[in-house]
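Participant: Would you mind keeping the following structure in view while I ask a few things?
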Amino acid sequence: MIRIFLLAAVFVLQACSEPTPVIKETAPVVVQLTAARLTNLVDEYEFPATVSVVKSVDLKFEVSGRLIFESLIEGSEVKKGQVLAKIDPKPFQRKVEENRIRHEDAQRNLKRIKDVFEKNVASQRDYDEAKSQFSITKIALENAEQDLSYCTIRAPFDAVIGARYIENDSLIRSGDTLANLQDRSELYFSFEVPERIMTANAGNRDVIATAHIIGQKDKVYDIHYVEHKTTPDPITQTYGVTFALDGKVAKSFYPGSRAIVNIMQKNSREQVLVIPLSALMGNSDSGFSVWRFNQSENMLSLVKVNVSKLEGEYALVSSGLNSGDKVVSAAVSQMREGLIVREYKATY
């Protein structure tokens, strides 16, 4: 009996002498957090464009003759009404004089026939033939005078000489192109807009549009809407759109230049939350989620979010988060529900 008691006492002493195990607390995982920020949603589009003039007119004589004067210096500015070219008018002047004499004879003859017709001496037929001859010679005289006026070409509007195709003393035929005249009162920026963008912005004119010439990114110009096509290109399914720039500030570049046009909504008030694209998990089919940081418990929780749009390196979130909520924005696949974390603070 005493032996049993001693053995029990030994076991109790051994149990009391074993050390109590120490539970170690896990250190918080350092993570990169980014706050969801509220921003205005602005639809902005960028299109490659080509610069062109308001209109381009080919100068042509409507009569043939020898060119005796031309003031068609390429690249020079001309004013409306300025004489640009002349062909020798002498043959046309002679034609005018010839037809004037015939018309005056017909006029005198008509007066004579009318006088005798009223005295019942001339026949109705003679009187009708005299009137016809008078009308025919009048038309011939007017045509000759018109041809004489065609010997001189004047600028139809303020313009710039784009190209010259003839030289002085050349023999010019009717319809030959002398030069190209460009109306640069404005410069047009023409570009193609995809069908989906055109449909989404149908009837919308409340936009801010700017343009810069490729290679001159530091010079940005305000441009305004001119017109657009309502029938798409059958191959590309795009619509042609034209904006314009005031010609007074457009002398630093030329038609044919390549440009970039930027268009954005003028008064956008729609606001959305923006988070880094790297914070998202999932896809458009299964849905998106993020790891949201609970600041009071320093703990992560998985939250479903609705993503309305992906813009470059950012995602626009329409629901699931509030402004200021912090989400894990790096190594999201290594996170887990309830993980204790500490925000990474960069030191400089």
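Participant: Give the longest segment of the chain that steers clear of trypsin sites (Lys or Arg not before Pro) in DSSP loops with at most 13 neighbouring Cβ atoms within 10 Å, not counting the sites themselves.
Facilitator: Longest gap between qualifying sites, sites excluded: 270-335.
Participant: Among all helices in the chain defined by DSSP H, which have a length of 20 Å or more along the axis from Cα atoms plus a Kyte-Doolittle mean of at least -1.0?
Facilitator: In the chain, the long hydrophobic H runs are 2-17.
Participant: Once you treat every alpha carbon in the chain as an equal point and sum by Debye, what is log10 I(q)/I(0) at q = 0.09, 0.14 Å⁻¹?
Facilitator: For the requested q values the scattering log ratios are -0.82, -1.14.
Participant: Moving on to the next point. Within a Cβ distance under 14 Å of R66, other residues only, what is the Lys/Arg minus Asp/Glu net charge?
Facilitator: Cβ neighbours under 14 Å give a net charge of -2.
Participant: Quick one: compute the contact order of the chain, relative version, from alpha carbon pairs under 8 angstrom and 6+ residues apart, as a percent. Intermediate values should be presented prior to the final figure.
Facilitator: Values: 647 pairs, mean separation 90.1, N = 348.
It comes to 26 percent, rounded to a whole number.
Participant: Between N204 and M299, what is the label-point separation in nm under the 7 Å Cα-to-beta-carbon projection?
Facilitator: In this crude spin-label approximation the distance works out to 4.4 nm.
Participant: Excluding S185 itself, what net charge comes from residues whose Cβ is under 13 Å from its Cβ, given Lys and Arg +1 and Asp and Glu -1? Walk me through the numbers before you get to the answer.
Facilitator: Working: positive: K55, K79, K80, R184, K248, K251; negative: E77, D158, D183, E186, D246.
Result for the local shell: +1.
Participant: Given a Förster radius of 45 Å and the C-beta distance between T230 and N306 as r, what FRET efficiency does 1/(1 + (r/R0)^6) yield to the nearest 0.05?
Facilitator: According to the calculation, E is roughly 0.80.
Participant: So, one more: Given a Förster distance of 51 Å, report the FRET efficiency between R196 and N322 from their Cβ-Cβ distance, rounded to the nearest 0.05.
Facilitator: Here the calculated transfer efficiency is 0.95.
Participant: Multiply the residue gap between K217 and E313 by 0.36 nm, knock off their C-alpha separation, and tell me the result in nm, one decimal place.
Facilitator: Taking K217 through E313 to full extension adds about 32.2 nm, to one decimal.
Participant: Now, a different point. Which whole-angstrom value gives the distance between the alpha carbon centres of the stretch 183-202 and the stretch 280-348?
Facilitator: 39
Participant: Mind giving me the FRET efficiency for E343 and M264? R0 is 35 Å, r the Cβ-Cβ distance, nearest 0.05 is fine.
Facilitator: 0.50
Participant: Please give every one of the aspartates and glutamates within straight-line cross-link reach of K309, meaning a C-alpha to C-alpha distance under 15 Å, and leave out same-chain neighbours fewer than 8 residues apart.
Facilitator: Counting by Cα, and skipping residues close in sequence, K309 has these aspartates and glutamates nearby: D43, E44, E270, D285.
Participant: Okay, next question. Scan the stretch 272-348 for GluC sites (Glu not before Pro) in coil per DSSP, keeping those whose Cβ has at most 15 other Cβ atoms within 10 Å, and list them by number.
Facilitator: On the way: sites: E297, E311, E313, E337, E343; in loops: E297, E313, E337.
Answer by residue number: E297, E313, E337.
Participant: Need the full-extension length gain, E167 to V249, defined as separation in residues times 0.36 nm minus the C-alpha distance. One decimal, nm.
Facilitator: Values: separation 82, 0.36 × 82 = 29.52 nm, distance 3.24 nm.
So the extension gain works out to 26.3 nm.
Participant: How big is the antiparallel share of DSSP beta bridges in the chain, given as a percent to the nearest 5?
Facilitator: Given both bridge residues lie in the chain, the antiparallel proportion sits at roughly 95 percent.
Participant: Give me the distance between the Cα centres of the stretch 211-279 and the stretch 58-98, rounded to whole Å.
Facilitator: The stretch 211-279 and the stretch 58-98 have Cα centres separated by 41 Å.
Participant: Right, something else. Of the listed pairs K55/K79; K95/K138; K219/K248; K55/K217; K55/K248; K219/K266, which have alpha-carbon separations greater than 19 Å here? Each step should come with its number before you reach the end.
Facilitator: Working: K55/K79 15 Å; K95/K138 13 Å; K219/K248 15 Å; K55/K217 27 Å; K55/K248 16 Å; K219/K266 21 Å.
Pairs exceeding the cut-off: K55/K217; K219/K266.
Coordinate-derived values only; no laboratory data. Keep in mind that what you see is a predicted model, and the values were worked out from it rather than measured. In this analysis, Cβ positions are derived from the backbone assuming ideal geometry, glycine residues included, and neighbour counts consider all displayed protein chains.
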